[in-house]
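Below: the structure, in structure tokens.
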Amino acid sequence: VDVCVIGLGYIGLPTAAFMASKGLKVLGVDVNQTYVDKINNSEVPFYEPGFSSLLKDVVSSKSLSAQTTPIEADSYIVAVPTPFNDDKTVDTSYIDSAARSLAPFLRPKALVVLESTAAPGTTEHMANVLIDERPDLSLDPESDNHILIAHCPERVLPGKIMEEMESNARVVGGINSQSSRAAERLYRSFCTGEILVSNARTAEMAKLAENSFRDVNIAFANELSIVCESLDINVWELISLANHHPRVNILQPGPGVGGHCIAVDPWFIVSSAPTLTPLIRTAREVNDGKPNKVLDKVKELVKGIPSPTIAALGIAFKADIDDLRESPSLSIVEQLAQSELRINVVEPNISVLPSSLSKLSNVELSKLDDAIVGADLVLVLVDHTPFKAVDHSRFANKIVVDTKGIWNN
Ligand code: SAJ
């Protein structure tokens, strides 16, 4: 095959399918057999707009197939999870085992690209794992037996993966210039966006810097929302006014920052340079502290109401997706559910509640109208499109906590 993609999650699978749709012969590899079977049946394991038909096309044309073990390929893309350890350093165990699984199949001059987000130095670490497994190969580009290693961080936005996969600019950085050039050629063959060539460490740091930039800016918005609340100022109006300044663009506050990227990646910078990163660390702490502020407010507001019922609108980590990973909204609902409150959860993008909620007798998955009609307090946690369309003047008699400001304008 042309490319073997190791790890068929939220990034690896769309990348594999996308490359296959651009004429490359692709093998997807994942340790999870059930997942592999699903993919070979063209079943999309998660919701992403526009992805289902692309997967059907490339599986039926046999441009993409999946199995649990790698094979020989010109190029490999490693797109496995990089969670953090308890001390917030990057956990490379998935990268290490992906590298060990593909090492036996490596031919001289093969290219291995790490797409998983990782701390500076991780691509070099992966290269060393490969050479430990295959001492007959070399990282020296002058050797006949050399292999090529690069980092190319993924930058697609969940919810917009199909458009961004094709048109986003990509940063590629090799452990040497030959590796950079090989990676550049690969990505040029299926991306229409600019391919920006650097070295591995800079490419790693670029990705972390992008997500930290967003985290710091969301923290600024979240801190403003807390300040405004205490000063009785409408933060949404405030931000809209300030954003009329030609050089100001404040992001939107919310119930906290979720997902597996923005809430994680800044820690990789902090753990790489702990004494040099007070701003990045504080931004993380501000965003992680936001769910508690929402909880305190809701508990305060329902204090006098006997057996209160709450309509919780949204548990996904952001609008118009079904992804619950690191979701601040889910964690707020889980914590509220520990009290005597009745909670009707509305989440249009899922059909069953996660087990942390479904096992509780005071929590139910409801339809939007039913939940609102029966509620004492309406708690907006996600700005899903159907929520924005609700005529909220209908329930003027209810207490509303709108963490996303969807009914403000
Ligand atoms: N959020 C706010 N206020 C805002 C914007 C976002 O509270 O103004 C919250 C969201 O509700 C969500 C979290 O931040 O809980 C993250 O959402 P997001 O849409 O900012 O980002 P992700 O995590 O879906 O995707 C990010 C993107 N990175 C950047 O925009 C710099 C994406 O391009 C990356 O590929 C992705 O991380 C990744 O995989 O690293």
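The values are calculated or read from the model by the stated rules, or taken from the named source; none is laboratory data. None of these values were measured; they are calculated from a predicted model. So basically every Cβ, Gly included, is an ideal-geometry build from the backbone, and we count neighbours across all protein chains shown.
For (1) modelled with pLDDT under 95; (2) surrounded by 15 or more Cβ atoms within 10 Å (Cβ to Cβ), each residue gets a yes or a no:
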| position | (1), (2) |
| --- | --- |
| Pro70 | no, yes |
| Leu111 | no, yes |
| Leu114 | no, yes |
| His125 | no, yes |
| Asp144 | no, no |
| Pro153 | no, yes |
| Glu166 | yes, yes |
| Arg170 | no, yes |
| Asn176 | no, yes |
- Query: Which one of the conditions (1) assigned to a loop (DSSP other than H, G, I, E, B); (2) within 23 Å of the chain's Cα centre (by Cα) does Asn292 fail to meet, given that it meets all the rest?
  - Reply: (1)
- Query: Picking from Leu251, Leu279, Leu301, Leu196, which residue would you name as being within 13 Å of the ligand (Cβ to nearest atom) and in contact (Cβ under 8 Å) with a residue 24 or more places away in the chain?
  - Reply: Leu251
- Within segment 308-325, restricting attention to residues that are more than 24 Å from Phe395 (Cβ to Cβ) and among the aliphatic types (A, V, I, L, M), which residue is surrounded by the fewest Cβ atoms within 10 Å (Cβ to Cβ)? Ile321
- Message: Please go through (1) closer than 22 Å to Tyr47 by Cα; (2) at pLDDT 95 or above; (3) of a type outside the set (Val, Ile, Thr); (4) in contact with a helix residue (DSSP H, G or I) (Cβ under 9 Å, 6 or more places away or on another chain) for His384 and return the number of the only condition it doesn't satisfy.
- Response: (4)
- Task: Please enumerate the residues belonging to segment 370-403 that are buried (at least 18 other Cβ atoms within 10 Å of the Cβ) and of a type in the set (Asp, Glu).
- Result: Asp376, Asp383
- Task: Scan segment 119-127 and give yes if some residue there is free of Cβ contacts under 8 Å to residues at least 12 places away in the same chain and in a helix (DSSP H, G or I), otherwise no.
- Result: no
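Specify the residue that is surrounded by the most Cβ atoms within 10 Å (Cβ to Cβ); the eligible residues are those in segment 209-248 that are among the charged types (D, E, K, R) and near the ligand (Cβ under 9 Å from one of its atoms).
Filtering segment 209-248 for residues that are among the charged types (D, E, K, R) and near the ligand (Cβ under 9 Å from one of its atoms), the one surrounded by the most Cβ atoms within 10 Å (Cβ to Cβ) comes out as Asp215.
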- For segment 155-162, state whether one or more residues are over 26 Å from Ala283 (Cα atoms) and not assigned by TED's automatic domain parsing to the domain that holds Lys293. yes
- Residues located in segment 255-276, provided they are at negative phi and within 10 Å of the ligand (Cβ to nearest atom): Pro255, Val257, Gly258, His260, Cys261, Ile262, Ala263, Val264, Asp265
- Message: Among the listed residues Ser329, Ser307, identify the single one that is hydroxyl-bearing (Ser, Thr, Tyr) and touching a Gly at 6+ places or on another chain (Cβ under 9 Å).
- Response: Ser329
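Does Ala119 qualify as being surrounded by 18 or more Cβ atoms within 10 Å (Cβ to Cβ) and over 19 Å from the mean Cα position of the chain (by Cα)?
Numbers: surrounded by 18 or more Cβ atoms within 10 Å (Cβ to Cβ): yes; over 19 Å from the mean Cα position of the chain (by Cα): no.
Spelling it out, it is not the case that Ala119 is surrounded by 18 or more Cβ atoms within 10 Å (Cβ to Cβ) and over 19 Å from the mean Cα position of the chain (by Cα).
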- Look at segment 38-58 and say how many of its residues are over 20 Å from the mean Cα position of the chain (by Cα) and free of Cβ contacts under 8 Å to residues at least 24 places away in the same chain. 6
- Task: Scan segment 99-107 and give yes if some residue there is in contact with a Phe, Trp or Tyr (Cβ under 6 Å, 6 or more places away or on another chain) and in a loop (DSSP other than H, G, I, E, B), otherwise no.
- Result: no
- Note on the structure: Residues of segment 143-177 being part of a loop (DSSP other than H, G, I, E, B) and closer than 25 Å to Lys318 by Cα, in sequence order, are Pro153, Glu154, Arg155, Val156, Leu157, Pro158, Gly159, Lys160, Asn168, Ala169
